[in-house]
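Please treat every number below as a calculation from the coordinates, not as lab data. None of the values given here were measured: they were computed from a predicted structure. Positions of Cβ are backbone-derived with ideal geometry, glycine not excepted, and every protein chain shown enters the neighbour counts.
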Amino acid sequence: MSWYWDSYPKRQRIKPKDGLQAKNKRGKFGESWWAQQWIGVLESFGWDNRLARGRSYARGGQVVSMDVKKGEVKAKVQGSMPRPYSITIELPALNESQWEKVIEAMSGQAIFAAKLLAGEMPQNIEEAFKSAGVPLFPRSAKDINADCSCPDFANPCKHIAAVYYLLGEQFDGDPFLLFVLRGKTKEQIIESLRARRVEAAEDGEDESMATVAESAPPLSDLLATFYQAGNDLHQIAPHIAAPDIESPLLKRLGTAPANTQTDLQLIYEAMTKLALSKVFGEY
């Protein structure tokens, strides 16, 4: 039957006018560790040939649109037919009980909460999901349900694969899209983390006040020394250290107005370096 397929006319893919452009034109997709983890997991499923064709489609701007929602991704990819193919990628969303465990684990690690509130993905964030008994990333091909309207029987087809790669680049810009796929928006997660921090602070304050009340001597026993100075200032040792997160204040404030983000970033970095040099000398 090879003569049949050899004689069958091959269609050339149609170049869309407004396709999504991949940032990466060669080499690996994704700059952040979480984007590379997403791509690495998919490439570990033995889809090499299919994914290679998908990379070509992604870099060629064939993906027309992509929308990430709770538990699914909807996309349009231009192929060789006039009408773009429709792609649906589903990843199981976590239920409320599972998310409660994940957020509890996140709030228990100060660096988790700090980086997430600053818009970064902590390096070991997967631990929070493992503690809830669920993975952040797919563990096998069975964890992903993908469908394309093209006639290709293979899965993933090149259209689905193209979406996989561009999705990784989307994760670069917004790591919270990973959480959206798992069922929670950025706003919902940050609100939950802040609520947990407030609860922890209130509980700690109550415990601290109770401890002080129990251990403090009666005021009548302190009248003789009440107005005496306490420890000298030089005996107080403040803890000063470089921030764990790059430009945390700017990230907490969100995207700056057009054409000012780069300038603000440079000013912030210069001021941070100057402040640290004043404290530590050369930095």
Sticking with the crude label model, points 7 Å out along Cα→Cβ, report the distance from residue 131 to residue 67 in nm, one decimal please.
3.6
1/(1 + (r/R0)^6) with r = Cβ-Cβ of residue 96 and residue 227, R0 = 45 Å, i.e. FRET efficiency to nearest 0.05, evaluates to 0.20
Ordered by fewest other Cβ atoms within 10 Å, a rough proxy for footprinting exposure, 121, 81 read 81, 121
Cβ-defined net charge surrounding residue 28, 14 Å radius [Lys, Arg +1; Asp, Glu -1]
+1
Could you calculate the contour length gain from residue 44 to residue 143, that is, 0.36 nm times the residue separation minus the distance between their Cα atoms, to one decimal place in nm?
34.3 nm
Under 5 Å, built H, 5+ apart or other chain: amide partners of residue 72:
91
Once normalised by the length of the range 13-71, the mean sequence separation of its alpha carbon contacts under 8 Å that are 6 or more apart gives a contact order in percent of 58
Based on the Cβ-Cβ distance from residue 276 to residue 81, what FRET efficiency comes out when R0 is 51 Å, to the nearest 0.05?
0.30
Provide 190, 39 in ascending order of the number of other Cβ atoms located within 10 Å of each residue's Cβ, fewest first.
190, 39
Summing +1 for each Lys or Arg and -1 for each Asp or Glu, what net charge is found among the other residues whose Cβ lies under 14 Å from the Cβ of residue 88?
0
Distance cut-off 25 Å, Cα to Cα: go down the list 28/186; 28/184; 69/130; 17/70; 76/115 and report the pairs above it.
28/186; 28/184; 17/70; 76/115
In which sequence would 194, 139 go, from the one with the fewest C-beta neighbours within 10 Å to the one with the most?
139, 194
If the chain between residue 153 and residue 198 were fully extended at 0.36 nm per residue, the gain over the current Cα-Cα distance would be 11.0 nm
Most positive-pole-ward Cα, 82, 114, 29, against dipole of the range 1-127 from beta carbon charges
82
